[in-house]
1. Rounded to the nearest 500, what is the chain's calculated 222 nm mean residue ellipticity when only DSSP H runs of at least 4 contribute -39500 (n - 2.57) each, over all residues?
2. Rounding to the nearest 10 and keeping the result within 0 to 90°, find how far the Cα-based axis of helix 53-62 lies from the longest principal axis of the chain.
3. Note the full-extension length gain between Asp66 and Met1 as 0.36 nm times their separation in residues minus their Cα-Cα distance, in nm to one decimal.
4. What longest region of the chain stays clear of chymotrypsin sites (Phe, Trp or Tyr not before Pro) that DSSP places outside H, G, I, E and B and that have at most 15 other Cβ atoms within 10 Å?
5. Counting other beta carbons within 10 Å of each Cβ, put Leu67, Leu62 in order, fewest first.
6. About the Cα centre of the chain, how large is the charge dipole given +1 on each Lys and Arg Cβ and -1 on each Asp and Glu Cβ? Please answer in debye to the nearest 20.
7. Test of understanding: what is the full-extension gain from Tyr21 to Asn36, defined as 0.36 nm times their sequence separation minus their Cα-Cα distance?
Amino acid sequence: MGLEHYIYTRYIEQSVPKFVYFNEYYQMNQMNGVENIPAMQQRVAANTPKPSDHPMLGLIELARLDLDELN
């Protein structure tokens with residue numbers, strides 16, 4: 001571990017955005033550009049997600065995020 005590594009991990013790493021490559025999508029139900037997270041949470045809790053919810057839920061899972069913590 002050199003000085004560059006120390007500086008990066010200590011001062012820079014937390015500011016670097018996380019990028020997630022997401023190439024799986026539903027052909028008939030594209031992901032919306034905007035999503036109402038509370039409404040989606042209610043649909044998921046009621047086990048009645050819309051087909052357009054699935055790509056967003058997949059992306060949330062891929063990014064290792066928690067749907068309940070997004071709001």
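Computed from the coordinates by the stated procedures, all read-outs in this text should not be read as laboratory data. Owing to the predicted nature of the structure, the values given are computational and were not obtained by experimental measurement. FYI the Cβ positions are ideal-geometry reconstructions off the backbone, even for glycines, and counts take in every protein chain you see.
1. Result for the chain: -10000 deg cm²/dmol, rounded to the nearest 500.
2. 20
3. Extra length from Asp66 to Met1 when fully extended: 20.1 nm.
4. Maximal segment without exposed cleavage sites: 27-71.
5. So the residues, fewest neighbours to most, are Leu62, Leu67.
6. 80
7. 3.2 nm
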